[in-house]
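Notes to accompany the following structure.
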Amino acid sequence: MKVRLLSIGKDRSGLFEPAVQEYARRLGHYTRFELVELAEASGKKLKPGDAKAAEAEAILARRKPQDWLVALDERGSLIDSVELGRYVGKAQTGSRDLLFVIGGDEGLDESVRAAAHMTLSLSKMTLPHRLARVVLVEQLYRAFTILKGEPYHK
């Protein structure tokens, strides 16, 4: 099983990247993990709203047939860590890879949400996209420790 996180833009602040890298390292004990940062389309000279469509095209071009695409969106399902662990376990037993997607400043285009196997919300609160990456990668690490029955979850 492979877990990929596609995220629009880079952490220019330097605040969140060390935490993402730490949890990515920990995830390496359980699965192959890859963080893919795609360029923001908003910096290009596009009409309002066209950035989301351009980013969606780049995101969907990276999807593979064996991927379960999980779109992170504020309108998605709120689940707990144990439920995320079950979802990851179901993907493992089904020989599926997981492709998590975090959109850019304008969010995800409807085409990405429509293509998703699941749409997930990390919180009812609005989170900065870079912080959402930290939360997601930590929760993925937690999900794998739950599946293995390890004490981190407690």
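Sub-6 Å Cβ pairs linking a first residue in segment 14-36 that is hydroxyl-bearing (Ser, Thr, Tyr) to a second residue that is buried (at least 18 other Cβ atoms within 10 Å of the Cβ) and part of a strand (DSSP E or B), at least 6 apart or interchain, are Thr31/Val3, ordered by first then second residue.
Of everything in segment 102-111 that's of a type outside the set (A, V, I, L, M, F, W, C) and either within 17 Å of Leu69 (Cβ to Cβ) or in contact with a Cys (Cβ under 6 Å, 6 or more places away or on another chain) (or both), which residue is surrounded by the most Cβ atoms within 10 Å (Cβ to Cβ)? Residue satisfying both the conditions and the ranking: Gly103. Residues in segment 73-94 that are part of a helix (DSSP H, G or I) and out of contact with any Leu (no Cβ under 9 Å at 6 or more places or on another chain) were compared, and the one that is surrounded by the fewest Cβ atoms within 10 Å (Cβ to Cβ) is Thr93.
If you filter segment 112-154 down to residues that are of a type in the set (Val, Ile, Thr) and closer than 21 Å to Leu69 by Cα, you find that the one that is surrounded by the fewest Cβ atoms within 10 Å (Cβ to Cβ) is Val135. The residue that is farthest from Glu106 (Cα to Cα), counting only those in segment 1-18 that are outside any strand (DSSP E or B), out of contact with any helix residue (DSSP H, G or I) (no Cβ under 7 Å at 6 or more places or on another chain) and charged (D, E, K, R), is Glu17. Can you report the number of residues in segment 19-49 which are more than 19 Å from His129 (Cα to Cα) and assigned to a helix (DSSP H, G or I)? Adding up the residues that qualify gives 3. Can you list residue pairs whose Cβ atoms sit under 9 Å apart, with the first residue in segment 85-101 being charged (D, E, K, R) and the second being surrounded by fewer than 16 Cβ atoms within 10 Å (Cβ to Cβ) and in a strand (DSSP E or B)? Count only pairs 6 or more apart in sequence or on different chains. Matching pairs, first to second residue: Asp97/Lys2; Asp97/Arg32.
Taken together, the residues in segment 50-71 that are closer than 21 Å to Ser121 by Cβ and part of a loop (DSSP other than H, G, I, E, B) amount to 1.
Values in this text are rule-based calculations from the coordinates and carry no lab data. Given the structure is predicted, the values throughout are model-derived calculations rather than measurements. Every residue, glycine among them, receives a Cβ derived from its backbone with ideal geometry; neighbour counts consider all protein chains shown.
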